[in-house]
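Let me begin by presenting the structure, written as structure tokens, before commenting on it.
The values are calculated or read from the model by the stated rules, or taken from the named source; none is laboratory data. All figures in this text were calculated on a predicted structure; none of them were measured in a lab. Reconstructed Cβ throughout: ideal geometry from the backbone, glycine too, with neighbour counts over all protein chains shown.
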Amino acid sequence: MGEPRPTVEWQVAGACNYDCTYCIQSPRYRRGRPVREQLDQALTVFSGLPGKWEIKCSGGEAFAHPLFMEVVVPGLMDRTVHDISILTNFSASHADLMRFAHLTRGRLRVFSASLHLEFTRLEDFAQKASWFVDQLDGDVDFVVNQVVLPGRLDEVRACRDELEDRGLRWFAQWLKVKGRPVEYEGDIEGLVGERPANRSPSFQGRPCHAGHLYFTVDKDGTAWSCRTAKRTREGHLGNLLDGSLRLNTGPVPCPYDICPCTVPVNRGMVRGPVP
């Protein structure tokens, strides 16, 4: 277990240019975007965070926000010392991806590209991913994420084989409903491997830095200690836009029976041995 890597998950946009049938966000949440003034205030708050953090941009779809490449990315690079990561459906143009790679040079940590076969072809996605990896610094962690849909395990295996044959890292995401993993028929273990954190484990009672060195920010600036805290409407940390953000002063025992997101445990927030 390494030291915690301070991390913010920032919902840069609620709106998404895809409309996947299995999206974990309900349609009523997949709308809306922060305006320029709100983005500017969020950047001001991030610039005041002590030390170096990882700002993980997500959505919706971050690249679909007209101000993502104009305000968000340059602002993070120019106004903060923090690193940047992104979770994207990888629908951005080659030109925007090239510019993103250039602007984030030396500070991009993780680029997570989600494969959604309802909106793209495997061959097109794989070719684009192979091209883009060559534009990145060698130490950037580029990973393809794919939700495993029940009844379509053979299709997922074909995607895995194609992407790994190209030398790309591929990660299977266990489909979850309200944070809990669904049941599959077939060899799901052979796809997800030994990844307990992908199955909504319980760390209840364990010290966790969520709310201290990790927090999530909604598109309206509301901050939560973690995703489960947001779902239960607990762990509210204030709002970036009105100056009310207040982080915990240290780790606290996890009060929840599930941890549906792999980010906190992968960033070392959960203390003690992780199975």
Residue list for the stretch 234-245, filter: touching a Phe, Trp or Tyr at 6+ places or on another chain (Cβ under 9 Å) and either closer than 20 Å to ILE24 by Cα or assigned to a loop (DSSP other than H, G, I, E, B) (or both):
GLU234, GLY235, LEU240, LEU245
May I ask you to list the residues in the stretch 17-37 that are more than 18 Å from the chain's Cα centre (by Cα) and aliphatic (A, V, I, L, M)?
VAL35
Only listed residue being modelled with pLDDT of 95 or more and within 15 Å of the chain's Cα centre (by Cα), chosen from GLU54, GLU70
GLU54
Does VAL274 count as more than 30 Å from GLU123 (Cβ to Cβ), surrounded by fewer than 18 Cβ atoms within 10 Å (Cβ to Cβ) and at pLDDT below 90?
yes
